[in-house]
Amino acid sequence: MEIAHYLTEIIKEINLASELIPVESSENLYNKILKSNKVFVAGAGRSGFMVKSFAMRMMHLNKNSYVIGETITPSLGEGDLLLIGSGSGETKSLITLAEKAKKLGGTVVLITIFPESSLGKLADTIITLPGSYKDMLKSHYQTIQPMGSLFEQTLLLLLDAVILRYMEDKGIDSQTMYGRYANLD
């Protein structure tokens with residue numbers, strides 16, 4: 001099969017996935033971001049890259065946002081938000097972070113395939129995305145893509161949609177964001 005055909009199929013999957021995202025929970029995420037003092041993100045592997053991208057865009061929007069594990073990340077406290085991207089919802093290091101964030105008075109938002117997971121039981125808000133992960137028999141959605149690709153792509157696009165909503169609400173355009181863009185590269 002040609003690459004162009006695969007690309008078309010991936011785009012079809014992403015379109016379907018976007019229709020399956022619960023509107024109420026994504027709006028809940030947005031409102032929690034607005035109310036938070038600081039936004040912290042965590043994820044492992046490719047899911048981690050997606051939430052790091054979100055933290056970077058939040059910084060471009062002048063929202064205090066941080067990646068867990070970076071040396072310049074401050075402490076989390078009451079009124080802060082921890083956003084976790086985890087397809088399985090079972091990554092041990094992320095479970096430990098969620099438990100600690102809750103003890104410190106933070107709010108935990110999980111974006112996952114499996115809302116009934118260990119992380120799902122700890123989260124204040126859960127957004128369930130379609131995708132497959134490791135065991136296709138446990139999957140809520142079948143995809144032609146390998147591993148967690150559909151979840152990771154949908155995670156990135158959902159968070160980019162949150163960015164667009166934030167930009168609109170705050171009256172911020174891309175040109176303004178470039179004022180906070182890295183200039184030492």
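All of the numbers you see were taken from the coordinates with simple rules; none came from a lab. Since this is a predicted model, take the numbers as computed values, not measurements. Here Cβ is always computed from backbone atoms with ideal geometry, including for glycine, and neighbour counts include all displayed protein chains.
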One can check that the equivalent ellipsoid of region 3-178, built from the alpha-carbon gyration tensor with semi-axes equal to the square roots of five times its eigenvalues, has lengths in Å, largest first, of 25, 21, 14
Net length gained if the chain between GLU78 and SER174 were fully extended (0.36 nm per residue, minus Cα distance) = 31.5 nm
In a shell of Cβ-Cβ distance under 12 Å around LEU34, excluding LEU34 itself, what net charge do Lys and Arg (+1) and Asp and Glu (-1) give?
-> +3
Return the subset of LYS38/LYS100; LYS92/LYS121; LYS32/LYS102; LYS52/LYS103; LYS52/LYS121 for which the Cα-Cα distance in this structure is over 19 Å, preserving the input order.
-> LYS52/LYS103; LYS52/LYS121
Using a 10 angstrom cutoff on alpha carbons, build the Gaussian network for the chain and name the most mobile of THR107, THR125, THR96.
-> THR96
So how much slack lies between LEU16 and TYR181, counting 0.36 nm per residue of separation and subtracting their Cα-Cα distance, in nm?
-> 56.1 nm
Exposure proxy check: ILE127, ILE172, ILE11 ranked by fewest other beta carbons within 10 Å?
-> ILE11, ILE172, ILE127
For LYS35 and MET1, what does the FRET efficiency come to when R0 = 45 Å and r is the distance between their Cβ atoms, rounded to the nearest 0.05?
-> 0.45
